[in-house]
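Right, one structure below, let's go through it.
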Amino acid sequence: MREENHPEMEEERLQQLRSRAAELLLREEWKESVEAYSQFISLCQTQMRNSDPGCLSKLQRSLCLAFSNRAEARSRLRDFAEALRDCEEALKIESTHFKTLLCKGKILLNLSRYNLALDCFKATLLDPQASVNAESINGYLEKCKKLGFFSRTGAFDLSDWVVNRFPGKLPELAEYIGAVEVKRSEMGGRGLFAAKSIDCGTLLLVTKAIATERGILPASVGEGLSEKAQLVMWRNFIDKVVDSATKCNRTRHLICSLSTGEDEDGLEVPDIGLFRPEAEEAWFSNERVDVERILKILDVNSLVEDAVSGKVLGKNSDYHGVGLWVLASFINHSCSPNARRLHIGDYVIVHASRDIKAGEEITFAYFDVLSCLRDRREKAKTWGFSCGCKRCKFEESLSCKQEMREIGMSVEGGLEVGAIVYRLEEAMKRWAVRGKEKGFLRASFWAVYSQAFQCEKSMLRWGRRVPVAEVVVDSVAEVVGSDERILRILMARLKRRMGGGGMVEMERAMKLGRGIYGKLVKKQALRSLIDICIQEQKV
């Protein structure tokens, strides 16, 4: 005959579990704490079904606190979806529970759901405990208001952080989506497009990584980075992404909206609202995690921070980093790109690197586009595609010309750079090359132009027979966007010619700077960034 548990024994068991769970929480042993609170919650719910009305109220209070504490532990494990469910269970018992509202607000803030977080923090002010925690709560309220404003307007200002040379604490950033939309791309598959005309430097989007992995990679013997260290980083990165996808339907759904590199044209075109943090939970399917599919997605969509189209600012600039930023992954390559990105902490900031027309596709440079057609083709092969942008098509049409081949051979043969520039400029006149097409060819031979402009002897001989540096810089920037190498040549020329340049010349440099770093900094800070760019050239 089964021996029934006495109420005193059950109460003692509950007390032991509660004490054990609280101790683990204080020791920040989050996983073990979750397990202990889960046992306590299960036993407490069982007791509630069998208890008399006099004990019910006490058990409900204990259960409410247990859900709240388990939410705290789960949030520390970054299991935000389950943590929010625990908060909701606690608030069903006590709708104004101070600790739960505070925990829920912090979780929503971490998920970039600023308005909902603000409501939670406001609700805590109604509790008497708010007076003890007033400074902390007011700090959260101000943070929600500020980040909510940034999220609506994109009105970030990194000036102080830049002028102070990137002090340890990173600037506060928020998720932001500007005038962009996902559409079918002429390049195949899907791409990100400008919903209206956009000026150079204008912010397009700010998005937080699903996951990142960084490390200082040692140089391998001979050349390059250690393949073993990269492999370890890649495995850690995969584990982080899979873990995030396992814990959150939204994250899993967003990751799975990306391409695996197969059947590009058959993929659904997602609404831009899907990528906003406040998107309704009903939008996201509850499907199982397909690790094999995620691996294919990461292989196609992961971004390295030190890419040719990116710039890393702040404390992670000394590291080699890889991450997954979902919306930024929709941006395709073009040899005539119009966007760049800044990496700050776990955020990526995408801005226009030149003027963009409404309806134009937003594109990055996946590899160095200040290089000739042949080299770009080889690079595209390593990425698994063939570029069919207007620039590549135009240069392909000229590749059959004998003189074009001879100019290419002159570069390889080490002919004097000024002579090559002169010959190419004369050829463009004969071929009636105009407008952007001039910029295409000058970008392809940028290395030659750059060497010529830096060689006093070459400029003395050819200077009057070739365009000045400013003209070439403008035409190249018009077709490939701003680039540090272009800016350096311009600044070097201005300093030699005018001791720093006049107002018009400096405005040209500032526009290039805005294309590289965006409009997130004011003029003084932008000048600081340009100075850093010049110093890097000297190093």
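Couplings 3J(HN,Hα) for the stretch 204-210, derived from phi with the Karplus relation 6.51 cos²θ - 1.76 cosθ + 1.60 (θ = phi - 60°), are 9, 6, 10, 9, 8, 5, 5 Hz, where x marks Gly and Pro. The convex hull around the C-alpha trace of the stretch 363-414, projected and averaged over every direction, spans 4.0 square nanometres.
Spacing of the modelled spin labels on residue 306 and residue 401, each 7 Å from Cα toward Cβ, amounts to 3.9 nm. The lysines within cross-link reach of residue 146, meaning a Cα-to-Cα straight distance under 21 Å and a gap of 8 or more places when in the same chain, are 104, 106, 122, 169, 208, 519, 522. Taking a ≥ b ≥ c as the square roots of the eigenvalues of the Cα gyration tensor, an a/c ratio of 1.5 or more together with a/b larger than b/c marks the stretch 56-107 as prolate. Antiparallel beta bridges, as assigned by DSSP with both residues in the chain, represent about 85 percent of the total such bridges.
The lysines whose alpha-carbon is closer than 21 Å to the alpha-carbon of residue 523, local same-chain residues fewer than 8 away aside, are 311, 495, 511.
For 260, 363, the ranking by accessible surface with the largest value first comes to 260, 363, using a 1.4 Å probe.
For residue 381, a cut-off of 19 angstrom between C-alpha atoms picks up these lysines, skipping any fewer than 8 places away in its own chain: 296, 390, 393.
On average, how much accessible surface per residue is there in the chain, in Å², for a 1.4 Å probe, leaving out ligands, DNA and RNA?
Working: 27270 Å² over 539 residues.
Averaged over the residues of the chain, the accessible area is 51 Å².
Could you tell me whether the stretch 428-504 comes out rounded, prolate or oblate from its Cα gyration tensor? Rule is a ≥ b ≥ c as square roots of the eigenvalues, rounded for a/c under 1.5, then prolate if a/b exceeds b/c, otherwise oblate. Here the stretch 428-504 falls in the oblate category. Computed extension length for residue 299-residue 88: 72.2 nm, one decimal, from 0.36 nm per residue of separation with the Cα-Cα distance subtracted. Annotation: extensible slack from residue 292 through residue 195 equals 31.5 nm (criterion: 0.36 nm per residue apart, minus Cα-Cα distance). Amide H contacts under 5 Å for residue 190: 185, restricted to partners 5 or more places along the chain or on a different chain, H placed in the peptide plane at 1.01 Å from N. When the Cα gyration tensor is reduced to axis lengths a ≥ b ≥ c, the ratio a/c is 1.5 or higher for the stretch 395-437, and with a/b not above b/c it is classed as oblate. Amide H contacts of residue 346 (H built 1.01 Å from N, in plane; Pro and chain starts excluded): no residue 5 or more places away or on another chain comes under 5 Å. Rolling a 1.4 Å probe over the protein chains gives residue 46 an accessible area of about 50 Å².
Just tell me the longest site-free run in the chain, where the sites are trypsin sites (Lys or Arg not before Pro) in a DSSP loop having at most 10 other beta-carbon atoms within 10 Å. No qualifying site falls inside 28-164, the longest such stretch. When only the Cβ of Lys, Arg, Asp and Glu is charged (+1, +1, -1, -1), the dipole of the chain relative to its Cα centre reaches about 2500 debye.
Using a cutoff of 8 angstrom between alpha carbon atoms and counting only pairs six or more residues apart, the relative contact order for the chain works out to 13 percent.
Here each label is just a point 7 Å from Cα along the line to Cβ, and for residue 16 and residue 243 those points are 3.2 nm apart.
Modelled spin labels at residue 495 and residue 269, positioned 7 Å past Cα toward Cβ, are 4.8 nm from each other. Which log10 I(q)/I(0) values does the stretch 296-359 give at q = 0.21, 0.27 Å⁻¹ under the Debye formula, counting every alpha carbon as one identical point scatterer? Per q value, in the given order, log10 I(q)/I(0) is -0.90, -1.30. A Förster radius of 56 Å combined with the Cβ-Cβ distance from residue 431 to residue 133 puts the calculated FRET efficiency at roughly 0.15.
For residue 312, the amide hydrogen comes within under 5 Å of the amide hydrogens of 343, counting only partners 5 or more places away or on other chains and with H modelled in the peptide plane. Among the GluC sites (Glu not before Pro) found in the stretch 432-491, not one is both in a DSSP coil and sparsely packed, with 10 or fewer other Cβ atoms within 10 Å of its Cβ. Over the C-alpha trace of the stretch 55-195, radius of gyration and Dmax come out as 19.5, 68 angstrom. Taking Cα centre as origin and charging only the Cβ of basic (Lys, Arg, +1) and acidic (Asp, Glu, -1) residues, the dipole magnitude of the stretch 372-466 rounds to 380 debye. Across all Cα atoms of the chain, the radius of gyration (one decimal) and Dmax (whole number) stand at 28.9, 109 Å. In a fully extended conformation the segment linking residue 55 and residue 382 would gain 110.8 nm over its present Cα-Cα distance, using 0.36 nm per residue.
The values are calculated or read from the model by the stated rules, or taken from the named source; none is laboratory data. None of these values were measured; they are calculated from a predicted model. Note that we place each Cβ from the backbone using ideal geometry, even for glycine, and neighbour counts take in every protein chain shown. In case anyone asks, the SASA skips ligands and DNA or RNA and just uses the protein heavy atoms, side chains included. Shrake-Rupley method; radii C 1.70, N 1.55, O 1.52, S 1.80 Å.
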